[in-house]
Each structure stands twice: as C-alpha cells, then as structure tokens.
Amino acid sequence: MSRLNRYQLAFLKWRRRQSNSRIMPFVLSVVVGLIVGVAAILIKTIIFYIEQYAVYFAPKLLNFLLPLLGFLLVTFINRNLFSKTAYFSGARNVIESIEKNASIIRFRLIYSKFITTGLTIGFGGSSGVEAAIISSGAAVGSNVGRFLGLGYRLRTLLIGCGVAAGISAIYNAPMGGFIFALETILPEFTPTLLIPLLVAAAAGKILFEFIMGEHLRFQVPLTDFAYEQIPLIILLGVLGMLMSSYLLRTYSYCAIYFSRIPNAYVRALVGGVALGSIIFLLPPMYGEGYVSINALLNGEERSLFVNSPLAILPNTAWFNLFFFFLITMVKPISTGICVNSGGEGGYFAPSLITGGLLGFLFFKIADFIFPFYELNQATYIFLGMGSVFACVMNAPVTAIFLVAEITQSYQLFVPLMLVCAVSYFLKYYMENLSKSVVQPKGQSKALRVDRILLNQLSIRQLVEEDSVSVTENATFRDVVETFAKSNKDVLQVLDEKGMLKGVITLNDFRQRLGDISNYDTILASDLMHPPEAVVEIDESAAEVLDKFDAYKLWSLPVVRNGKFKGFISKSRLLTQYRNELTRVNRFF
C-alpha cells in the first residue's frame, strides 16, 4: 500500500469528524459535476472554433478534404501523445474499468479524448461527443477518488457521478444523464445512489448552461398526440428496431474492414477519402448532424441539398423521398468509417440523428398514405430518435427521458414510452431467438453486479496467514510432523527468503506413509510440485474466484512478488461475498 499524502490525510481527518457519512459523497458529487461541466464546455468550444475556422478558410467545394485532415491529425496525436489511452472509447471501457481495474482510470483521459474528438468532429467527422465526455467524466470521478484515497465503492460512485454530469451538461438533460448512469454505468439501483447522481447531473448542467447558454434544444410547436395514431407508433417502433440492427451491423462491418489495414496512417487516409467523398455527395453527413435535424424541424428541407451535386436533379416529391432515404441509410456508414478509420467519437449522437431522419422519412410516407391523420412532423422525428437510440445504446429508459429533455417535448412521454418499448422488446426478442447472436461481454446486469460485489472484497483481509511451512531440504519425516500440526491439506515449501517454491498436498505422499524406511531419505523437494495457480495479493476477488472455478480448487497460495503470504480459501471468500450480498446498502 502506498503512503497517504498530506492532502489525503487532511481529507480523511475531515471525513472522520463528520457525524453523517453521507455528507462527503454529496460534497464530492458537486465537485465532480462542476469539473465535468468545465470539460463539457471545453469540448464544445473546441468543436465550435475548429468548425468555424475550418469551414471559413476552406472553400465549400473543398469541405470533403477536411475529414481527411482531421483523421490524420488525430492519428498522429494518438500515436505520439496519447498512445496509452487511444484504445479507450466511452461507456464500454468505463464498465470494464469498474469491473476489472478496480475503478481506476488514467488521469490523461480527463483531457485526451475531448481533444481528439473535438478535432474529429470539428473537421467534419460524423460521430458524437458523448464518448469523449463519458470518458472524461469517468476519469474525473475516478481520479478525484484516487487523489483523496477513497476505496473502490466510492470511486465507482464518483465515476457514475462524472458520467451523469457529462451527459447532463453536453445535452442539457439532467434526468437523461442521471438515468444513463444508473441504467448503463452503475450496476444496480439503490436509494443511496440517488442524491449524489442527481446533484452531479444538476451541477454539470447548471455550470454548462450558465456559461454556454441553452444548447441542443429542439424547440418546435407540437400538437397533442392523438391515440388513433398508435398503430403508426408501433410500426415506427418496428422500423426503429430494424434500423438499429442495420446500424450495429454497419459499425461491425466497418470495424472489421478497417482492422485489415495495418498501417494507421493508411487507414486514416482511406477513411478520410471515403468520408470526404460521401460528404461531397451528401453534405448533411458533415459533423454531428444536429444542423440537419433542426432544418427539418423548421421546414427547411431544401437546405439539405445545398452544395450537393444531387441538387441539379428535378425537385419532385419522389426524388426528395429518395434523397432522405439515402442520407438515412448512409449516416451509419459515415459514422462507422469515422470511428474505425482514425477518427474519435461515439455512437450516441449518430443514433439520435439516424433515428430523427428515419422518423422524418416515416412521417413523409405516412402523411402521403394516410391523409386523414393530422400528423405532426416533429413528433415523428422525436419518436424516431427515441426508438433507434433505445436499441443501439441498450437504454430504453434513458432514451425516453433524454429525447423528452433535449426536445422539450414532455407531452410525448406516452408515445415515447410506447415506441421505445416496442423497438427494444423486438430487439431483445430477436437476439434471444437467434442462436447466432453472441451477447457482448459485460452486458449482463446480473454478471456485472456479481463482479462488482466481489471487487469490493479485499484479498488482504481474506488471507489466512500460516506460519507452518517447510524448506526444500526438509525430510519426509519433517513433512509428516509439520502436517500433523496444521489443519490444512496443503503445505507450502519456502526457501530461506520466504519465497514460494512449491506446495505439498496429502495426496502427494499418502501412499508412502506405510514405508517408514524412506522417512529420512525422501526430501520435500521430491514431494512438492508447483501450485496450479497462485494469487497475487493485489488481485481482485472476482479474478480469484475465476481461478477457483477454473482449477476446481478450494485453497490457493497468496504471494506478493513471489513471497508467500498465506492461503485463501474459496469457502471464506464465498462467505464474505454472501455477507456483502445481504447488506442493506450493498452499494456505496
């Protein structure tokens, strides 16, 4: 264990003076929320200025070259400055850090991802900022916890606070950020999570809005939802599920294709040229895509054709439908190319944009087929957003609240609930129906809760110290006498420095007990064998339990840099796990 610095000691003294232990998480959640709010401001500022100057200095016809420049810059930075954190990408890696790395996230991730993501999107990359803000927020929470010397539980809570604050700030959606952290990042709902997460989400949103003003709000007039449109809502939910499947398959295909290009700069070159060509043909693919959604909401459909070679074609209803179908289907391809060929970003925003385009296209077709319905264009754009987002992000509740908040369309709660339920249920049903679908690691909530509970146990506290040991030169007689003093069926063999050389079990000499003549000629080195598995004292309890299960053992030696520390038994580990499982507030 490393020694505590003066700041950690001062914090621990302050903590001991508090009569209510819940004050400290409340205070820290505010601190994390404010820091993440600053990070959200920085990433939006970077994107804004890069977009402004990139577009200002580049003629319109040369915009298709900007993504190539962005990809090459990001590739250079990742390979030379941020090589140790380049692999980290959003919620998936945050969850892995909680489960497998004791909620420890590198400090550099606080700023590295919003630099590379800002460059990617600023130069026209078709991705979203949420992966960067999730990584940055989680890194803030983890490193605040580490700086103050907090344990695994509170570090995990602060990671959740950082993620909630980041989504809340970047989308001006405090409830969306709060629920996303509960639904996706943290393992299980408990009442003790409520206040810190809510406070962090509110702090991040307030700071961001105070400095940047209201951002990403689609404020358009909506008519009251008519319940006779429920069949259309159900149909849109089905289409949302199909579109989400198309998105995920497209992303997977792009990842496989670009992984076959070994050189990172060649990969960036190919991806930049491909995305630039798409942008040349379909300018709405430039950047995140929220400008296109706002244009559709305001009835400015023709603005999406500006600078496109397709604008010279006849302005007919059928051609317009084809154009919007084309950009709906190409948006996932643009994102897949961007994220897998050298750019940075996430699938959060692209799923919203693709869903919005799908909703608009659905509205156009439904309005033509069913003229007797009084359909509202914005309503179906927003419902499409929720439907696709719910399936892509595996977060239906987040989809409902996030779309309602960023669109200020709270009167759409019922249709949002319906469309998200339909699309997510169908996705879940189809995945379980198809035997070929392999569920990603870490997606099971039960498995995540199990591993996080295990990680809250300390191997140091579970080690059973055993002073009874023998050396390699000990005789068979010494081994038998030593076993007689021990209550275990395994004996450690150590050298003069206490380093573990091997172990002896009862089965290793049971058949030789009757041959008394060999008691002084057979040595411990003749009986011992290397242990099937060894536990390092700093390993997580989840990894230790995996070793017990893999080797079918009930006791394992524990070492620290090769020096023997004792044994850990599976029964004691499971007993402590059961005590943790039955604790009233088992999380935080």
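Each reported figure results from applying straightforward, stated rules to the coordinates on display, with no laboratory input. Keep in mind that what you see is a predicted model, and the values were worked out from it rather than measured. Methodologically, a virtual Cβ is constructed for each residue, glycine included, from the backbone with ideal geometry; neighbour enumeration extends over all protein chains shown.
Worth pointing out:
- Net dipole in debye of the range 450-531 [+1 Lys, Arg Cβ; -1 Asp, Glu Cβ; about Cα centre; nearest 20]: 220 debye
- Percentage relative contact order, the range 459-581, counting C-alpha pairs under 8 Å, at least six apart: 29 percent
- Listed peptides 541-547, 569-575 appear in the order 541-547, 569-575 once ranked by packing, highest mean of other Cβ atoms within 10 Å at the front.
- Taking 18 Å as the straight-line reach from the Cα of LYS205, the aspartates and glutamates in range (excluding those fewer than 8 positions away in the same chain) are GLU130, GLU214, GLU405.
- Helix runs (DSSP H) in the chain reaching 30 Å along axis by Cα, Kyte-Doolittle at least 1.6: 23-57, 191-212
- Ranked by the mean number of other Cβ atoms within 10 Å of their residues, highest first, the peptides 222-233, 237-248, 522-533 come out as 237-248, 522-533, 222-233.
- Above-threshold pairs, the threshold being 32 Å between Cα atoms, out of LYS84/LYS547; LYS113/LYS364; LYS497/LYS570; LYS44/LYS331; LYS113/LYS547: LYS113/LYS364; LYS113/LYS547
- Dipole check for the range 227-452: with +1 at the C-beta of Lys and Arg, -1 at the C-beta of Asp and Glu, and the Cα centre as origin, the magnitude is about 880 Debye.
- 15 Å Cα-Cα reach of LYS488 towards aspartates and glutamates, excluding residues that sit fewer than 8 places from it in its own chain: GLU464, GLU465, ASP466, ASP508
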